[in-house]
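Report on one structure; see the data block that follows.
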Amino acid sequence: MPFDEMHSNSGIRAPYTQVASWLEEIGQPLLELRAKEAEALFRRIGITFAVYGEGGDPERLIPFDLIPRVIGASEWARLSQGIEQRAKALNAFLYDVYHRREILRAGRIPAELVIQNLAFVPEMIGFDPPGKVYSHIVGIDLVRTGEDDWQVLEDNCRTPSGVSYMLENREIMARMFPDLFGEGAVRAVDGYPDDLRRTLEEVAPPACRQDPQVVVLTPGPFNSAYYEHSFLADLMGVDLVEPRDLRVRDGRVWRRTTKGLEIVDVIYRRIDDDFLDPLAFRSDSALGVPGLMNVYLSGGVTLCSAPGSGVADDKAIYTYVPEMIDFYLGEKPILDTVPTYKCAEPDALSYTLENLADLVVKEVDGSGGYGMLIGPRATEKEVAAYRKRLEADPAGFIAQPTLDLSTAPTFTGGKIAGRHVDLRPYCLVGREVRLTPGGLTRVAMREGSLVVNSSQGGGVKDTWVLAGDAPHGGGA
């Protein structure tokens, strides 16, 4: 049985005491009414997620569940230490592999996994980004499997999305149920935009001689996360720009304004490496800014996150993060990783092929829940088709056991039922490390489903981190 985050054998778990009382007080009819009001708010505000390739209107409203996911103060204290430890180790690894490669020389990580990685950017070799920070926004995906058992499912070092939903979830909950937040029992998340701007300003380039000018670079309104790009730019009080708004001249990046050209110092970019600069990467990119990479490498602008950061969140590299923590920090990992079989290794491939129907298999460079097989939920035909893909390109896949993800109470289909959840906290790395208490809880809205990704039909919840631990005990 999966771990139930709200209930234990002795009754309601301590972190959920307030939520349980609230649910009993509000009753199902009012909860259903509030759920419809929340959906209307999301629709009015325009919080959608674009899903392509399915035909019809790609704009989809993300299901929002009113019942918050609650994490106790002491639980969060341990989680936050583990998240920050991991973010530091990942950045240390990135600096190392683009410089002396000591971890590769020591044989702690196979060199071919890094050097031959599609996300490795040779142009970054020997370059020192400001503060030696490569990944400025690190999203660590966590799953819970027991009372004290949290595991890292994967790392996101490039452009982890979803933080706008974290902020909007809280805004809607606070607007609809202000009494729940009146006594300060739940830690705030609304400081994230200020923390993000402060982090970006801290990594201004050497050429910056004034208050750093920050922009958010978006591919445009047809991008699936465009709402988030504009939302964050607005909350930070900075401009949202598209590539056509930027120019490279005299070793700097400039943006067009109604007053003429103005210098840009820091670009929080939400465009993939391949499309950033047609002179450095894909020549057919219509999204790139010609010459941008040259300005970056000469210290005229800072790109956040740095090109080449993706080599750290490859799913095959993921298995070596405990090695990074030991090698660079001299510490033991605080958070566990999921046992992982690297299919590039003959023994691991053989085991995976023999047990395909019982495992979760993922593409090493996949994201968004696409391109993976959940063996126990797949048909014989789907398993057979995936087997052919795996045999054709073993190095392109990793396999993991099917985890019994914890469940949290969710209002779905007119009733409250347990649904599987994960958690994505957002760790900011500049001159210091900043971590918002909580993160984005994603929930698999379908009964029995383990896929929480919004692109695959998952929903979202507000995540409460309690300011202090509730007293133990509690009734049913």
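The values are calculated or read from the model by the stated rules, or taken from the named source; none is laboratory data. Fair warning: this is a prediction, and the values are worked out from it, not measured in the lab. Using ideal geometry, Cβ is built from the backbone for each residue, glycine included, and neighbour counts are taken over all protein chains shown. To get the accessible areas, we keep the full protein, side chains included, count just its heavy atoms, and leave off ligands, DNA and RNA. Shrake-Rupley method; radii C 1.70, N 1.55, O 1.52, S 1.80 Å.
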Residue-ordered couplings for the range 217-223, obtained by feeding phi - 60° into the Karplus form 6.51 cos²θ - 1.76 cosθ + 1.60 and rounding to whole Hz (Gly and Pro as x), are 9, 10, x, x, x, 8, 6
Based on Cβ point charges of +1 for Lys and Arg and -1 for Asp and Glu, what charge dipole magnitude is obtained for the chain about its Cα centre, in debye rounded to the nearest 20? 800 debye
Around residue 458, with a cut-off of 10 angstrom between Cβ atoms, what is the net charge of the other residues, counting Lys and Arg +1 and Asp and Glu -1? +2
Let's test this: bin the Cα-Cα distances of the range 375-470 at 5 Å from zero up to the farthest pair and state each bin's percent. 2, 10, 14, 16, 16, 14, 11, 8, 5, 2, 0
Keeping all protein chains in place, calculate the accessible area per residue for the range 289-441 (probe 1.4 angstrom), answer in Å². 39 Å²
Computing the accessible area with a 1.4 Å probe over protein heavy atoms, can you report the carbon and sulfur percentage for the range 179-306? 45 percent
Within-9-Å neighbourhood charge of residue 202 [Cβ basis; K, R +1; D, E -1]: 0
My understanding is that a pair violates if its Cα-Cα distance is over 31 Å; which of 88/388; 88/461; 342/381; 332/388 do that in this structure? 88/388; 332/388
Long-range HN-HN contacts of residue 397 with modeled amide H, under 5 Å: 343, 344, 364
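Whole number please: convex hull volume per residue, Cα atoms of the range 301-350, in Å³.
111 Å³
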For the range 242-368, percent of DSSP beta bridges that are antiparallel (nearest 5) comes out at 75 percent
I need the shape label for the range 275-380. Rule: rounded when a/c is under 1.5, else prolate if a/b > b/c, else oblate, with a, b, c from the alpha carbon gyration tensor. oblate
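When the accessible area of the range 56-123 is split by element with a 1.4 Å probe, what percent falls to carbon and sulfur?
50 percent
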13 Å Cα-Cα reach of residue 132 towards aspartates and glutamates, excluding residues that sit fewer than 8 places from it in its own chain: 96, 202, 432
extent check for the range 95-188: Cα max minus min per principal axis, descending, whole Å, gives 57, 34, 22
Square roots of five times the Cα gyration tensor eigenvalues for the chain, Å: 35, 29, 22
Rg in Å to one decimal, and Dmax rounded to a whole Å, for the range 149-268 via C-alpha atoms: 17.5, 55
Multiply the residue separation of residue 389 and residue 261 by 0.36 nm, subtract the distance between their alpha-carbon atoms, and state the gained length in nm to one decimal. 41.1 nm
The simple spin-label model distance between residue 358 and residue 105, using points 7 Å out along Cα→Cβ, in nm, is 4.3 nm
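Send over a whole-number figure in Å² for the accessible area per residue of the range 165-265, probe 1.4 Å.
Numbers: 4930 Å² over 101 residues.
Ligands and nucleic acids excluded, the figure is 49 Å² per residue.
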